[in-house]
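Structure first, then comments.
Values in this text are rule-based calculations from the coordinates and carry no lab data. In this text the structure is predicted, and so the values were computed from the model without any measurement. Glycine gets a Cβ as well: all are built from the backbone with ideal geometry, and neighbour counts include every protein chain shown.
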Number of protein chains: 2
Amino acid sequence: MTASRTARERVRAELTREIVEIARRQLATEGAGGLSLRAVAREMGMVSSAIYRYFPSRDDLLTTLIIDGYNALGEAVERADAAVPADDFPGRWAAVCHAVRDWALAHPHEYALLYGSPVPGYQAPQDTIGPRVRDLTVFGGILSAAQRAGALAPPTGPVEVDPALADEAEASLAALMPDVPGDALLRALSAWTSLYGWVSFEVFGQFKGAFADLRPAFDHSVKALGTMIGLTPSG
Amino acid sequence: MTASRTARERVRAELTREIVEIARRQLATEGAGGLSLRAVAREMGMVSSAIYRYFPSRDDLLTTLIIDGYNALGEAVERADAAVPADDFPGRWAAVCHAVRDWALAHPHEYALLYGSPVPGYQAPQDTIGPRVRDLTVFGGILSAAQRAGALAPPTGPVEVDPALADEAEASLAALMPDVPGDALLRALSAWTSLYGWVSFEVFGQFKGAFADLRPAFDHSVKALGTMIGLTPSG
DNA sequence: CAGAAAACGAGAGCACCGCTCTTGACGACT
DNA sequence: AGTCGTCAAGAGCGGTGCTCTCGTTTTCTG
């Protein structure tokens, strides 16, 4: 009645776990395109058709890998955020950024699966929308906390924001980052996409050979984005 | 002696062109993964092996598609930039950004081929490095012109820049955007990656359902990035 | 406890893919 | 006119995702 009641369910769960593990290893070495159900079956000593007892299609296996990837990235981001004092908002932002970059560089193929070209013909099921925003949720928490602590500076630049646009941003992001005014949300959205733009460029080789070490440039960019968002050190 | 001397060379060039055209159409509808030499051959009424007389492998066909894509994007960016008065630097920046976004939305699969996950096992040949930076070259031209016109504001934020990092940025980007100081280059690099981060998020469906119309939000972000770069309207 | 039902691994097979090799015909240059 | 290179065609190799069937084994049920 607890978990794994019958022997069959136990071995099924174990085999499912093993399939995913082998698939993740293949994904890490060959990339998403090189993930082959037949190869997984071969490595398990099974016949290829037996895999379909556990995953009805290659896309379903990819889906669990994607969900696992979002969770791994989200967990890394959560850990990095938790390691910084809660009222050091620029520090938390920088920690989150470096966590995303470090994880992406350590798992480039999984990152590509999450943020690269969509798999042709693949449609993300509803199960992915939870883990998908796990990192964004951390960022939203930082923003909301900064706003409540009075550590979110109002916009300084000469760019005025359309009130309707700010309202739409508030309505759309209220669940993830409550209490944050619309103009700050727009700046935050820009910074967030900038983070992933940088990481994608780096992981996908667009920066190839431009810098000897990209980390200092990334760190500088992160700090500049932090001030653009309006994050200030203390209340 | 000029072009297409013999009849054979003429028909060969024509068939090569037709293969590329069909391949690009398949790429646009099916995506990079669905590009099949056999399907191209079928559509041409040829047998599959005959294709290999023109392209020694699928990767070679992909390479020409990639080069064509970079050129198409670069040309769109160049046209957009040329349509704005040369001394309206924020306007030129915004025009370039919208050109990138518009082209990407109009050709999502080709954009994915250029800026999405790298094709597994595919190594970009040297032929691509020229067209690859065509858009960046336009951006560099805007920056250099703004700098020479005194329309590139010095950094205002409280983020100080490491001199060594600024020097490396100058050395690395001097060919593309001369005369621009290192700290401005770092800000520009951040803005550039931010642009592609946004476009990638939008094309790859990461923004799905967040906004009814993403264009105003993008435009706002572009303007904010323009001021972050330091671009000012006139000399 | 015995029988029905469900789950399982194995195997054959379908259609597709990239790519290679050989064959025979056609065109171009000497 | 003869030779040589280019070409389309066809067969074939090993690989893929996926489907179906067939015994076997395990689980559930009457």
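Observations on the structure shown:
- Within straight-line reach of B:Lys223, meaning a Cα separation under 19 Å, sit the following aspartates and glutamates at least 8 residues removed in sequence or on another chain: A:Glu160, A:Asp162, A:Asp167, A:Glu168, A:Asp183, B:Asp81, B:Asp87, B:Asp88, B:Asp102, B:Asp135, B:Glu202, B:Asp213.
- Viscosity 1.002 mPa s, 20 °C: Kirkwood-radius Stokes-Einstein D of region B:46-152 over Cα pairs, µm²/s: 139
- Inter-chain shielding of A:33-42 (mean C-beta neighbours from other protein chains, 10 Å cut-off): 1
- Applying both filters, DSSP loop and at most 15 other Cβ atoms within 10 Å, to the trypsin sites (Lys or Arg not before Pro) of region A:6-79 gives A:Arg53.
- Within region B:63-139, chymotrypsin sites (Phe, Trp or Tyr not before Pro) in DSSP loop having at most 16 other beta-carbon neighbours inside 10 Å: B:Tyr122
- Percentage, to the nearest whole number, of Cα pairs in region A:1-56 over 19 Å apart: 31
- Computed over neighbours whose Cβ is under 15 Å from that of A:Thr128, the net charge equals -3, Lys and Arg +1, Asp and Glu -1.
- In region A:135-235, the GluC sites (Glu not before Pro) that fall in loop regions by DSSP, at most 13 other Cβ within 10 Å: A:Glu160
- Pair A:Thr128, A:Ala86: separation of 7 Å Cα→Cβ label points (nm): 3.4
- 10 Å Cβ neighbours from other chains, averaged over peptide A:195-202: 6
- Over the Cα atoms of region A:57-229, the radius of gyration divided by the Kirkwood radius equals 0.98; this is the Rg/Rh ratio.
- Label geometry 7 Å along the beta-carbon vector: B:Glu9 inter-copy distances in nm: 7.5
- Distance to the B-onto-A rotation axis is smallest for one chain B Cβ; residue and value in angstrom are B:Gly197, 1.
- 17 Å tail of the calculated P(r), region A:96-181, as % of Cα pairs: 65
- Per-bin percent of Cα-Cα distances, the protein assembly as shown [10 Å]: 4, 18, 27, 25, 16, 8, 2, 0, 0
- Region A:129-235 - Rg over Rh from alpha carbon coordinates, Kirkwood radius: 1.01
- Amide H contacts of A:Leu231: A:Ala153, each under 5 Å away and 5 or more positions distant or on a separate chain (H built 1.01 Å from N in the peptide plane; Pro and chain starts excluded).
- Segment B:Asp213-B:Asp162, extension gain: residue separation times 0.36 nm, minus the distance between their alpha carbons: 14.4 nm
- Its Cα centre serving as origin, chain A has a Cβ charge dipole (Lys and Arg +1, Asp and Glu -1) of approximately 1020 debye.
- Summing charges over neighbours of A:Arg25, with a neighbour being any other residue whose Cβ is under 12 Å away from its Cβ, gives -4 when K and R count +1 and D and E count -1.
- Inter-part distance, region A:79-101 to region A:161-232, computed on C-alpha centroids, equals 14 Å.
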